[in-house]
Amino acid sequence: MIKKIFLYTLFTLILIVGGSISIGYYFLQQFSTKQMQVTAENQMFVLKKGTSMHQLVEQVKESKLLESAYLLPYLCKLNPSLSSIKAGTYQLHPHMTVEEFLQLLVSGKESNFSIQFVEGKRAKDWLNVIQTTPYIQQTLAGKTEDEIAKLLGIEGSIEGWLSPDTYLYTADTLDINILKRAHMTMKSNLQKIWDNRDSNLPYQSPYELLIIASIIEKETGISSERANVASVFVNRLKSKMKLQTDPTIIYGLGDNYRGTIRRVDLTDTQNPYNTYVIEGLPPTPIAMPSLASLEAAAHPAKTNYLFFVANGTGGHTFSTTYSNHQQAVNVYRQLSNSGN
């Protein structure tokens, strides 16, 4: 009789335990398919290095992502593959489940962010962009452009030496590392273009080609004009004529430029970028040139153009003689006056 009672009791306990395990398993499976409370399309979740499962539970609770966050450790015990979470910055998406959330943390696939460096902008503009872009670790604050150039291994000015593009990065990427990528891209592109340049160009080095490309970039935003603009500067250099290009003056004026080039600016011998006064090229590039401007500098159109002026409709009128150029200037002035 005692034996029967024992067996009955044992059987009952097994049923209870087995039933509890089954219920628990079912409950955790249901929990794993529960949706996280993600309220924004680009909501980020930052998991710091060394975060424990207990700390993860507290972080999820504080972020109001999941009311029953206390069940996360139990789910991870049920499925150990979900417990190896990795530090990083992750982008959550609406309707993701608890299991998908943990799988994301385990995958280590951090969210990629992007920063765009626009052609034609100056180094100082790019440094302002990088300093105000989120999720970048700032190490260059307070450093001068010359100091940053040295960190990049650039001799002289940083101007012109960074390639315009959109760069992807993960959270806490160093600002200097992004600039290194931009510099290496420009350095590589410039060398390839220099090696394949047209013959008989009046450049003594890849750097001189870079300078001309930066001026082309500032002179026109129309793709079909770049080769013609390049031809004007090449023809002027070959003819020992001054470049006489306004963007270089503006660059040299810096913060003193007020939107108009004055007569005194055209004769200013103290401005090393005043190409109305200096012979040849300015000392450095004046902007970050695009790949298209580099190609135009390396392969200018075969023309006799020596002048160009805005035509009032967004493009330019090119001329081979000064008299024709003056006529084009008069036409532009008439259009400008009629517009006023």
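Each residue of the stretch 143-149 was assigned a 3J(HN,Hα) from its phi angle through the Karplus curve 6.51 cos²θ - 1.76 cosθ + 1.60 (θ = phi - 60°); the sequence is 8, 7, 4, 5, 5, 5, 4 Hz, with glycine and proline shown as x. Solvent-accessible surface of the chain, averaged per residue with a 1.4 angstrom probe and all protein chains in place: 56 square angstrom.
Between 0 and 90 degrees, rounded to the nearest ten: what's the tilt of helix 175-195 against the longest Cα principal axis of the chain? Between the helix axis and the principal axis of the chain, the angle is about 50 degrees. Of the residues Asn304, Asn112, Asn200, the one that moves most in a GNM of the chain with alpha-carbon contacts below 10 Å is Asn200. Shown for the stretch 130-215 is the translational diffusion coefficient from the Stokes-Einstein equation, using the Kirkwood radius over Cα pairs, a temperature of 25 °C and a viscosity of 0.890 mPa s: 171 µm²/s.
Label-to-label distance for Lys242 and Asn112 is 4.9 nm, based on points extended 7 Å past Cα in the beta-carbon direction. Here the simple spin-label model places points 7 Å from the Cα toward Cβ, and for Glu100 and Glu67 these points are separated by 2.1 nm. Across the options Val264, Pro289, His325, the greatest Cα extent toward the positive end of the charge dipole of the stretch 240-340 (unit charges at beta carbon of Lys, Arg, Asp, Glu) belongs to His325.
Multiplying the residue separation of Ser336 and Gln91 by 0.36 nm and removing their Cα-Cα distance gives an extension gain of 83.1 nm. Placing unit charges on the Cβ atoms of the charged side chains and taking the dipole of the chain about its Cα centre, the candidate lying farthest along the positive direction among Thr39, Pro206, Ile148 is Thr39. The lysines whose alpha-carbon is closer than 30 Å to the alpha-carbon of Lys187, local same-chain residues fewer than 8 away aside, are Lys121, Lys124, Lys143, Lys150, Lys218, Lys238, Lys240, Lys242, Lys302.
Counting every C-alpha pair in the stretch 197-290, the share spaced more than 17 angstrom apart comes to 48%. Rounded to whole numbers, the Karplus 3J(HN,Hα) couplings from phi for the stretch 214-227 are 5, 6, 4, 4, 7, 7, 8, x, 9, 4, 5, 9, 4, 5 Hz, using 6.51 cos²θ - 1.76 cosθ + 1.60 with θ = phi - 60°, and x at Gly and Pro.
Entry note, the chain: the mean residue ellipticity at 222 nm calculated from DSSP H runs of n ≥ 4, each adding -39500 (n - 2.57), is -14500 deg cm²/dmol after division by the residues and rounding to the nearest 500.
Take the chain and mark each of the GluC sites (Glu not before Pro) that is in a DSSP loop with at most 14 other Cβ atoms within 10 Å; the longest unmarked stretch, sites excluded, is 156-278.
In the elastic network of the chain, a GNM with C-alpha springs shorter than 10 Å, the most mobile of Leu162, Leu179, Leu56 is Leu56. Rolling a 1.4 angstrom probe over the chain with all protein chains present gives an accessible area of which 53% lies on carbon and sulfur atoms. By the Kirkwood approach, averaging reciprocal distances over each pair of separate Cα atoms, the chain gets a hydrodynamic radius of 25.2 Å. Computed from point charges on the beta carbon alone (+1 for Lys and Arg, -1 for Asp and Glu), the dipole magnitude for the chain about its Cα centre is near 620 Debye. The trypsin sites (Lys or Arg not before Pro) of the stretch 253-336 that meet both conditions, a loop assignment by DSSP and at most 15 other Cβ atoms within 10 Å of the site Cβ, are Arg258, Arg262, Lys302. With just the Cα atoms defining each centre, how far is the stretch 266-299 from the stretch 67-127? Give it in Å. So the separation of the two Cα centres works out to 46 Å.
The values are calculated or read from the model by the stated rules, or taken from the named source; none is laboratory data. From a predicted model like this one, the values you see are computed outputs, not experimental measurements. With ideal geometry, Cβ positions are generated from the backbone for all residues, glycine too; neighbour counts draw on all protein chains shown. Side chains included, ligands, DNA and RNA excluded: accessible areas come from the protein's heavy atoms. Shrake-Rupley method; radii C 1.70, N 1.55, O 1.52, S 1.80 Å.
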